[in-house]
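Asker: The following block contains the structure, expressed as structure tokens.
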Amino acid sequence: QVQLVESGGGLVQPGGSLRLACAARGIMFRAYNMGWYRQAPGKQRELVATMAAGGSTNYADSVKGRFTISRDNAKNTVYLQMSSLKSEDTGVYYCSAQYPGVTSWGQGTQVTVSS
């Protein structure tokens with residue numbers, strides 16, 4: 001059974017930083033493409049960043065240069081380092097694990113950027 005557990009969300013002021021973590025269980029982690037998505041109130045879920053099993057990365061234009069995705073295959077964990085946060089980064093951040101034909105999701109962690 002796949003289990004993805006996010007942590008690290010919270011309240012931060014504009015310009016601040018946060019690091020999200022997602023611990024995966026029940027999968028061969030190193031074989032999965034991992035990603036972070038977010039959903040703001042009243043909006044659809046959108047891609048933030050992905051990291052393929054081979055290490056290539058992809059970012060939404062809105063976060064390029066501010067966010068960095070990384071993974072530690074030894075710890076079965078994917079991270080999202082977020083810097084220079086803006087109010088529009090507010091939302092629930094979800095971790096995903098993707099394998100051909102199968103996508104699993106975590107329960108999400110709230111990030112609120114506000115003064």
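Asker: Using label points projected 7 Å from each Cα along Cα→Cβ, tell me how many nm separate residue 98 and residue 1, to one decimal.
Answerer: Inter-label distance under the simple model: 2.6 nm.
Asker: Provide the FRET efficiency to the nearest 0.05 for the residue 44-residue 11 pair, computing r from the beta carbons and using R0 = 22 Å.
Answerer: Efficiency for this residue pair is about 0.40.
Asker: Would you please give the residues with an amide H less than 5 Å from that of residue 53, counting only those at least 5 places away or on a separate chain, with H modeled from the backbone geometry?
Answerer: The answer is 33, 34.
Asker: Using alpha carbons only, how many angstrom separate the centre of the range 57-115 from the centre of the range 13-28?
Answerer: A separation of 6 Å, based on Cα centres.
Asker: Something else now. Write down the radius of gyration of the chain and its Dmax, each obtained from C-alpha positions, in Å.
Answerer: When restricted to the Cα atoms of the chain, Rg and Dmax are 13.3, 42 Å.
Taken together, the values in this text are just the output of simple stated rules run on the coordinates, not laboratory data. Computed from a prediction, not measured in an experiment: that's the story for all the values here. Positions of Cβ are generated from backbone atoms using ideal geometry, with glycine treated the same way; all protein chains shown enter the neighbour counts.
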